[in-house]
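Below is one structure, written out as structure tokens; the observations come after it.
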Amino acid sequence: MNYNLNRKPNISQAVIFCGGLGTRLGSITRNYSKPLLKINNKNFILYLIKNLYRFGITEALLLCHYKYKDYERLFNNKEYFGVKIKCIYEKELLGSAGALNNAKKYLKPIFLVSNGDTFFNFNILDLYKKFNSEKKIGIVALTKKRFVKNRYGSFKRNKSGLLNLKDKIYKDDFLIYTGISILKKKIISYTKKYSSLEDRTFSVLAEKKLLQAEVYKDRTNKFIDIGIKKDFYRAHNFLRSVIKKPAIFLDRDGIINLDKGYVHKVKDFIWRSGVKKLIKYFNDNNYYVFVITNQSGVGRGYYSEKKVIALHNWVNKKLQKYGAYIDDFFYATYYEFSKKKKYRKNQFLRKPNIGMFIQAKNRWVIDKKNSYVIGDKSSDINFATNCKLTGILINKKDNLYNKVTKIIKKNIINHNY
């Protein structure tokens with residue numbers, strides 16, 4: 001069920017817990033905080049930040065204690081992957097609830113929460129879409145795991161919501177908190193110093209019927225917690241696997257919106273029927289979604305690049321409320337007779353040339369074999385051929401969602417979350 005999507009504020013802020021000591025990792029964390037550990041030559045937290053950027057996050061608060069100076073040096077007041085970062089210092093370990101309270105003056109009315117030592121590969125905006133923000137204070141993402149003694153806090157549903165049953169022992173599968181939740185700032189009134197969100201606050205909210213939960217299947221083992229040595233070493237292959245995804249390259253005018261000619265204003269942007277549903281379908285099934293669009297209108301002087309970027313930002317804000325997102329936008333401004341010299345350059349970017357595909361490959365790890373181009377013009381299909389991708393030509397009368405999903409249904413099965 002969708003809860004008054006138009007009244008929900010967009011999520012742009014993430015809060016990442018980075019304060020833990022990492023004692024279970026022994027000597028590995030003697031000189032490093034867990035989220036700063038390097039995996040495949042990159043700090044673990046950078047994988048998190050880039051992933052959160054995909055879902056519209058543009059600001060991150062890092063709640064730090066252990067090795068704070070390292071966080072301050074590497075991240076404070078800096079920007080990574082389009083995300084501006086601020087580090088908040090805890091003078092003493094406060095627990096996750098206490099750390100959140102410590103950062104309360106920086107919190108937006110609604111924000112995303114992520115543990116700094118876990119990664120869960122799912123569509124976070126689906127969680128947002130299902131959040132009844134008018135009646136609830138938070139929603140948590142859960143997944144099933146086989147019982148591991150004292151490793152995870154477990155949850156169980158009952159008529160009044162969720163109970164935190166961490167002290168009970170179960171031999172079978174149980175629901176664990178993935179470290180991802182969406183919360184309203186009102187949660188601060190339910191937090192206490194030196195306490196945990198998971199152990200205390202969520203239980204209190206569940207009893208008061210103020211907490212929602214959504215269970216996401218972990219069919220292909222897309223959850224990891226690097227808190228023990230075995231999983232820390234496993235994370236090297238895990239992260240290589242989850243960041244490599246098949247991609248869908250969508251033409252813009254004619255596929256995402258009706259082609260009215262040089263569309264660059266919100267008032268002229270008309271969504272094509274079924275496209276939001278199609279984008280979310282790919283989001284839910286572990287595909288990157290990219291837009292590749294020729295925008296010679298910039299080179300012709302009809303509108304500016306700023307107008308293109310502003311429209312694309314608006315598109316993603318609208319999709320976010322639907323539980324969907326476009327990972328990245330690529331556009332070509334080339335026009336051979338442009339009055340501005342810079343727009344007479346970079347012809348390689350303009351479809352059917354492959355410049356925008358090269359840009360996407362340089363920014364993201366793409367499973368090329370299982371990727372597709374969806375367009376409504378011959379230049380889109382020629383672009384697909386030149387990139388050695390499969391092209392799907394869409395006509396004006398086609399049911400966009402039905403035609404595309406029918407063609408690639410077999411591939412979807414292999415890439416489910």
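Given (1) surrounded by fewer than 21 Cβ atoms within 10 Å (Cβ to Cβ); (2) in contact with a strand residue (DSSP E or B) (Cβ under 9 Å, 6 or more places away or on another chain), identify the lone condition not met by Asn101. Of everything listed in (1) surrounded by fewer than 21 Cβ atoms within 10 Å (Cβ to Cβ); (2) in contact with a strand residue (DSSP E or B) (Cβ under 9 Å, 6 or more places away or on another chain), Asn101 misses just condition (2). Screening the stretch 1-87 for strands (runs of 3 or more DSSP E) wholly inside it with 2 or more residues that are surrounded by 18 or more Cβ atoms within 10 Å (Cβ to Cβ) returns the ranges 13-17, 59-64.
Only one of the listed residues (Ser96, Ser160, Ser154) is small (Gly, Ala, Ser), closer than 25 Å to Leu239 by Cβ, modelled with pLDDT under 95 and more than 18 Å from the chain's Cα centre (by Cα). That residue is Ser96.
Taking the criterion of being in contact (Cβ under 8 Å) with a residue 60 or more places away in the chain and of a type outside the set (A, V, I, L, M, F, W, C), the residues of the stretch 294-330 that qualify are Asn294, Asn316, Lys317, Gln320, Lys321, Tyr322, Gly323, Tyr325, Asp327. Residue selection: Glu90 satisfies the criterion of being in contact with a Cys (Cβ under 9 Å, 6 or more places away or on another chain), modelled with pLDDT under 95 and over 28 Å from Trp314 (Cβ atoms).
Within the stretch 108-144, the set of residues being under 19 Å from Ser12 (Cβ atoms), assigned to a strand (DSSP E or B) and β-branched (Val, Ile, Thr) comprises Ile110, Val113, Ile139. Just so you know, in the stretch 395-410 the residues that are exposed (fewer than 12 other Cβ atoms within 10 Å of the Cβ) and of a type in the set (Lys, Arg) include one that is farthest from Asp376 (Cα to Cα), and it is Lys410.
Yes or no: Ser273 assigned to a loop (DSSP other than H, G, I, E, B) and modelled with pLDDT of 95 or more? Yes; evaluated as a whole, the condition is true for this residue.
The set of residues in the stretch 88-98 being crowded, with 19+ Cβ neighbours inside 10 Å and among the hydrophobic types (A, V, I, L, M, F, W, C) consists of Ile88, Leu94, Ala97. Got at least one residue in the stretch 308-326 being more than 26 Å from the chain's Cα centre (by Cα), outside the structural domain of Phe131 (by TED's automatic domain parsing), modelled with pLDDT of 95 or more and not in a helix (DSSP H, G or I)? No, every residue in the stretch 308-326 fails to be more than 26 Å from the chain's Cα centre (by Cα), outside the structural domain of Phe131 (by TED's automatic domain parsing), modelled with pLDDT of 95 or more and not in a helix (DSSP H, G or I). With respect to the conditions (1) touching a helix residue (DSSP H, G or I) at 6+ places or on another chain (Cβ under 7 Å); (2) within 22 Å of Lys244 (Cα to Cα), Leu393 falls short on a single one, namely (2). Only one of the numbered conditions (1) farther than 18 Å from Asn121 by Cβ; (2) modelled with pLDDT of 95 or more is violated by Leu46, and that is (1). Of the set (1) surrounded by fewer than 19 Cβ atoms within 10 Å (Cβ to Cβ); (2) hydrophobic (A, V, I, L, M, F, W, C); (3) in the same structural domain as Glu134 (by TED's automatic domain parsing), all apply to Ala206 but (1).
If you check Lys377, Lys351, Lys340 for being surrounded by fewer than 16 Cβ atoms within 10 Å (Cβ to Cβ) and assigned by TED's automatic domain parsing to the domain that holds Lys396, only one passes: Lys340. If the condition is being surrounded by 17 or more Cβ atoms within 10 Å (Cβ to Cβ) and among the aromatic types (Phe, Trp, Tyr), then the stretch 242-268 contributes only Phe249.
The values are calculated or read from the model by the stated rules, or taken from the named source; none is laboratory data. For clarity, every value in this text was computed on a predicted model and none was experimentally measured. Methodologically, a virtual Cβ is constructed for each residue, glycine included, from the backbone with ideal geometry; neighbour enumeration extends over all protein chains shown.
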